[in-house]
Amino acid sequence: MTKEELRKGTDLFLLDLDGTVYLSDTPVAGVAETLSRLREEGKRIVYLTNNSSRTRAEYVEKLTRLGLFGRGDDVYTSAHAAAEYLTSRGARRVYALATDAVRAELAAAGVALGEHSPDVALLAYDTQLTFAEMKKFNEALASGCLYVATHPDDVCPTDGVPMPDVGSFIALFERSSGRRPDVVCGKPYTVMGECIARKYRVPAARTCMVGDRMHTDIRFGNANGMRTLLVLSGETTRESMAAFPDVPDLVLPSLAQIF
Ligand SMILES: [Mg+2]
């Protein structure tokens with residue numbers, strides 16, 4: 001697929017964050033201007049991240065500071081997908097491991113949070129986690145309630161050593177409880193894809209997932225019937241992409257080259 005075909009056939013661009021539009025605290029060169037042109041062409045831009053440790057407001061603040069957030073843009077995280085999944089299923093009481101800010105966001109989205117006899121245990125990226133909470137979460141899993149994780153990433157990139165992410169906690173709770181999540185919401189799974197299609201009312205065939213990771217971003221786009229654009233501004237190279245089963249519709253050095 002050419003970049004002209006990709007642009008013409010896409011109404012909604014889903015953009016991964018780190019490695020795609022910025023590297024840590026630096027915008028990828030030329031991407032801010034590219035986003036302005038896409039908005040001028042009437043394209044909708046939604047930032048899509050698996051990271052469930054931060055709220056929409058926190059991401060909007062960062063993207064605005066970096067000159068990447070424009071009129072009509074939105075941010076959607078795996079915690080938002082989890083909230084929609086749980087409220088649509090009528091979850092009665094959810095014991096959630098999540099940061100205070102994300103807990104407040106879940107509650108505002110209508111998720112009934114509580115720790116006594118929950119029917120759902122929700123594992124989000126809780127960077128304030130204590131041992132007492134891990135113990136309670138393990139007890140909830142032992143009770144047999146539905147087990148939902150926001151996303152599967154093992155580590156979260158930093159400037160130095162990558163930090164343990166939700167996938168590492170999934171492994172920990174598997175050792176202690178023998179259970180793996182019944183549902184994982186974020187990339188590369190379909191829960192978040194279905195949420196996006198409902199929320200923004202754009203068919204998957206006219207949605208393009210743009211990202212730098214083959215096994216999350218590109219797998220997500222393909223699993224949800226979207227177009228996919230792999231950018232080489234993050235962790236994947238032309239050599240390393242061959243090791244993955246998925247094939248993106250287009251590969252570019254960075255999103256800035258889409259014009
Ligand atoms: Mg990335």
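The values are calculated or read from the model by the stated rules, or taken from the named source; none is laboratory data. Every value quoted in this text rests on a predicted model; they were computed, and no experiment measured them. Glycine gets a Cβ as well: all are built from the backbone with ideal geometry, and neighbour counts include every protein chain shown. Just the protein is used for accessible areas: all its heavy atoms, side chains included, with ligands, DNA and RNA removed. Shrake-Rupley method; radii C 1.70, N 1.55, O 1.52, S 1.80 Å.
Brief remarks on what is shown
- Among residues of the stretch 9-21 that are over 11 Å from residue 216 (Cβ atoms), those with a beta-carbon under 6 Å from a residue that is assigned to a loop (DSSP other than H, G, I, E, B) and more than 15 Å from the ligand (Cβ to nearest atom) at least six positions away or on a different chain give the pairs 11/202; 12/202; 13/43.
- Residues in the stretch 19-45 that are within 15 Å of the ligand (Cβ to nearest atom) and in a strand (DSSP E or B) were compared, and the one that is least open to solvent (accessible area, probe 1.4 Å) is 22.
- Check on residue 2, within 15 Å of the ligand (Cβ to nearest atom) and either closer than 29 Å to residue 184 by Cα or of a type outside the set (D, E, K, R) (or both): no
- Only a single criterion out of (1) surrounded by 15 or more Cβ atoms within 10 Å (Cβ to Cβ); (2) more than 29 Å from residue 24 (Cα to Cα) is not satisfied by residue 68, namely (2).
- Long-range neighbours under 8 Å by Cβ, at least six apart or interchain, first residue modelled with pLDDT of 95 or more and in a loop (DSSP other than H, G, I, E, B) within the stretch 241-258, second charged (D, E, K, R) and open to solvent by 60 Å² or more (accessible area, probe 1.4 Å): 244/219; 246/219
- One residue alone among 85, 76 is within 16 Å of the ligand (Cβ to nearest atom) and in contact (Cβ under 8 Å) with a residue 24 or more places away in the chain, and that residue is 76.
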